[in-house]
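Asker: Below you will find the structure I want to go over with you.
Any read-out appearing in this document is the output of simple, stated calculations on the displayed coordinates, not a laboratory observation. Bear in mind that the values here come from a model prediction, so they are computed numbers and not experimental data. Using ideal geometry, Cβ is built from the backbone for each residue, glycine included, and neighbour counts are taken over all protein chains shown.
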Amino acid sequence: MGENLLEIKNLRATVEGKEILKGINLKVNKGEIHVIMGPNGAGKSTLANVIMGDPTYEITGGEITFQGESINELEVDKRARKGIFLSFQYPEEIPGISVENFLRTAKAAVTGEEQGIFQFRKLLLEKMAMLDMKEEYAGRYLNHGFSGGEKKKNEILQMAMLEPVLAILDETDSGLDIDAIRIVTEGIRKIASEENSFLIITHYNRILDYLDADYVHILMYGRIVKSGDISLAKEIEESGFIALEEVRNG
Amino acid sequence: MAKVKQDIQEPDRLVFDLKQDIDYRNKTWKGLSVELIEEISRKKQEPDWMREIRLRSLEIYKSKPMPQWGPDLSDLDVNEIITYIDPDFKKQNSWDEVPEEIKEIFTALGIPKAEQESLAGVGAQFDSEIVYQNMRNELAKQGVIYMDMETALQEYEDIIREHFMKLVPPEDHKFAALHGAVWSGGSFVYVPEGVQVDIPLQSYFRLNAPGAGQFEHTLIIVEKGASLQFIEGCSAPKYSVNNLHAGCVELYVREGARLRYSTIENWSKNMYNLNTKRVLVEKDGLIEWISGSFGSRVSMLYPMSILKGEGARAEFTGISFASKNQTLDTGAKILHAAPGTTSTINSRSIAKDGGKVFYRGLVKVLPEAVNSKASVSCESLMLDSQSRSDTVPVIDIRNDQVDFGHEAKVGRISEEAIYYLMSRGISEEEARALIVRGFVEPIAKEFPLEYAVELNNLLKIELEGTIG
Ligand SMILES: Nc1ncnc2c1ncn2[C@@H]1O[C@H](COP(=O)(O)OP(=O)(O)OP(=O)(O)O)[C@@H](O)[C@H]1O
Ligand SMILES: [Mg+2]
């Protein structure tokens, strides 16, 4: 077991006065792959965004510790520079900025080092090839007019370029076709190492066929109601979340 | 060489002579009199008809009310608006009195000291004579005429007389009338039939004549099948102790000719920029307006294209950026007056720190302009909740055989977009800048190369919020 990377203790968060996260506890060590499943509206994306630092949500209790330091008060960009990455469920479209220019700016920000145009381009094309993305996407405006699946691939491209320590993938597999899921998960496997960790939010088992997940957590009603190994995901697939209903008031 | 030097020196020498000859100390704006106008005309050795235009304009100016629409002009101090009737002008206009913010922008734009002083209208003149001389020789070989308006009036009186204030008559509005009465300086360009001018011409005269930049008159004629790119001024803020700019631009694009007219207005932020620009486009001619408005306290600027000949085309591309205490009321007017004419308006406006940007435009298609096409796209972006923006695109189509497209968007910078960029390590400030740059990008790429870098620098300066 690697050393601890992320620790969430009794985390509570609200949006517009409504409590969504009601005491989340989660521990992620280096080198681990965690999966979070749960019904629609359970609070999975909320958790992902609160870890990333989305100012829309207010933390009303508990603590998020990353690499041994509390990050509750840390701005989004500083979290990213510490190595936290979120692959968004619904990536934003930013017209007028090319994927390449955006990523070069981001890479420079995250690494704190200027990115030479040619060197950067070489790296970008390598990663795009790995993800089976056409070169022309580098010149297109960021997510602008991208199909659902293309946006998801582009998120993984960003992850591959920015080399985070903690990558949170929020339903990255939703909207990807079968081949794309394979390509993306192969990409994740190549990136995964003893030094980084993944938190994968998904509704489907398919992605788990390609990845060796260490833990599966079930998030319902703002809490992690059950944790286990990969067999828990199979269980859910067969009997749904209804079987776990009784925890609602527990 | 001597001759060229004279071309350039003439306008401001006249201006200074004038200042020394007459004591205007007691002449207030209201005192803008027939005698004064006659004196100006006499000093400039103008023909009678020009003096008549000035005097007629003065009458019209006096009889016209201030515009009753658009931005608030009530603070405009009409007593101080003419450079060369203020006897203290020279004293006030020292480098030390140029505001720090202007100096900082000069420096940030990488403009050399000598040029800075010239742009600020003080000290040594920027020595553009050699550049100008070379350009002139090159152009002269092709029969192109390029000179300041005063000289042109002496040397090409007939051409000037036929066109001067014919497109923008003094009756048009109060400030057109004021311009007609007191105009001084500006450029004259004539491109003969079939001649393609490859290098973009830049208006040097403005740099060289302090005070003449306030009411300058630009007249450009591009003859049949000829083409020209003209770049007005430069992106450096033009500092002036005066607070009114009422220039006038008249452009004639003849059959099958093309003209690209680019401007970045970056007046200092005490300036009322009430500029009038108009073009007449004949059969199959093309006018392209490229317009960037950054400076000034108030701008009212709506370049108008009259598509007079069949198949004439107009394209307008504009960016306006208003910051604190600025109201930029800009847009474009198109008059489709012949069949098969085409126009495209593409405008992006940005407001921050309580600035106000308004897009105000008009597309009018006359009954005879059948089979015409017009499209208007105006978008604006507000960077914070104090800023304001609106679009007033007036459309008046008088026949039913017109293909018309219209898109107007007013929006605030998206917090989600900022969050998205920040989640990739980009700072909030840079995220905002990226979004703004992305917003103007489709337009910025239309700007001439000469402006691309300057536009970028200007955006950077405006967005960093360090100045102004
Ligand atoms: N910005 C917001 N404003 C209002 N309500 C919100 C906001 N974000 C989340 N919510 C609400 O919080 C709850 C949890 O939403 P969240 O997006 O975290 O669910 P999820 O588990 O990711 O669901 P899904 O599987 O559908 O993606 C939902 O009821 C949602 O409507
Ligand atoms: Mg979700």
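Asker: Are there any pairs with C-beta distances below 7 angstrom linking a residue in the stretch A:77-100 that is closer than 10 Å to A:G53 by Cβ to a residue that is more than 16 Å from ligand 1 (Cβ to nearest atom) and charged (D, E, K, R), with the two at least 6 apart or on different chains, and if so which?
Answerer: Filtered contacts from the stretch A:77-100: A:D77/B:E428; A:A80/B:R424.
Asker: Still on this structure, please answer the following. Can you tell me how many residues in the stretch A:199-229 are under 13 Å from A:A42 (Cβ atoms) and polar (S, T, N, Q)? It would help to see each step written out before you state the result.
Answerer: Taking the stretch A:199-229 as the starting set, the residues that turn out to be under 13 Å from A:A42 (Cβ atoms) are A:201-203, A:217-226.
From the residues that got through so far, the ones that are polar (S, T, N, Q) too are A:202.
Of the residues in the stretch A:199-229, 1 are under 13 Å from A:A42 (Cβ atoms) and polar (S, T, N, Q).
Asker: Continuing with the same structure: From the set of residues in the stretch A:25-72 that are within 27 Å of A:L244 (Cβ to Cβ) and of a type in the set (K, R), which is farthest from ligand 1 (Cβ to nearest atom)?
Answerer: A:K27
Asker: Sticking with this one: For the stretch A:75-194, which fully contained helices (runs of 4 or more DSSP H) count at least 1 residues that are within 13 Å of chain B (Cβ to nearest Cβ) and either surrounded by fewer than 19 Cβ atoms within 10 Å (Cβ to Cβ) or polar (S, T, N, Q) (or both)?
Answerer: Correct list: A:76-82, A:99-111, A:148-162.
Asker: Could I ask something else about it? What's the total number of residues in the stretch A:1-39 that are without any contact (Cβ under 8 Å) to a residue 40 or more places away in the chain and under 24 Å from A:D229 (Cβ atoms)? Quick ask: steps written out before the conclusion?
Answerer: Taking the stretch A:1-39 first, the residues without any contact (Cβ under 8 Å) to a residue 40 or more places away in the chain are A:1, A:3, A:16-18, A:27.
Pick out the ones that are also under 24 Å from A:D229 (Cβ atoms) and you get A:1, A:3, A:27.
Summing the residues that are without any contact (Cβ under 8 Å) to a residue 40 or more places away in the chain and under 24 Å from A:D229 (Cβ atoms) in the stretch A:1-39 gives 3.
Asker: Assuming A:G222 fulfils every condition listed in (1) within 16 Å of ligand 2 (Cβ to nearest atom); (2) exposed (fewer than 13 other Cβ atoms within 10 Å of the Cβ); (3) among the small types (G, A, S) apart from one, which condition is it?
Answerer: Going through (1) within 16 Å of ligand 2 (Cβ to nearest atom); (2) exposed (fewer than 13 other Cβ atoms within 10 Å of the Cβ); (3) among the small types (G, A, S) one by one, A:G222 breaks only (2).
Asker: Scan the stretch A:195-250 for residues that are in contact (Cβ under 8 Å) with a residue 60 or more places away in the chain, under 19 Å from the mean Cα position of the chain (by Cα), within 16 Å of ligand 1 (Cβ to nearest atom) and part of a helix (DSSP H, G or I) and report the count.
Answerer: Residues that pass the stated criteria total 1.
Per-residue answers, yes or no, for (1) facing another protein chain (nearest Cβ under 7 Å); (2) of a type in the set (A, V, I, L, M, F, W, C):
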{"residue": "B:F404", "(1), (2)": "no, yes"}
{"residue": "B:E407", "(1), (2)": "no, no"}
{"residue": "B:S414", "(1), (2)": "no, no"}
{"residue": "B:Y420", "(1), (2)": "yes, no"}
{"residue": "B:E429", "(1), (2)": "no, no"}
{"residue": "B:R437", "(1), (2)": "yes, no"}
{"residue": "B:E441", "(1), (2)": "yes, no"}
{"residue": "B:K445", "(1), (2)": "no, no"}
{"residue": "B:I461", "(1), (2)": "no, yes"}
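Asker: Taking the stretch A:35-69, which residues are more than 16 Å from ligand 2 (Cβ to nearest atom), away from every other protein chain (no Cβ under 14 Å) and surrounded by 21 or more Cβ atoms within 10 Å (Cβ to Cβ)? Can you show your working first?
Answerer: Here is the first cut: in the stretch A:35-69, the residues more than 16 Å from ligand 2 (Cβ to nearest atom) are A:53, A:55, A:58-69.
Next, from what is left, pick out any that are away from every other protein chain (no Cβ under 14 Å): A:58-69.
Residues satisfying the conditions are A:I64, A:F66.
Asker: So, in the stretch A:152-194, exactly how many residues are within 16 Å of ligand 1 (Cβ to nearest atom) and free of Cβ contacts under 8 Å to residues at least 60 places away in the same chain?
Answerer: Qualifying residue count, the stretch A:152-194: 3.
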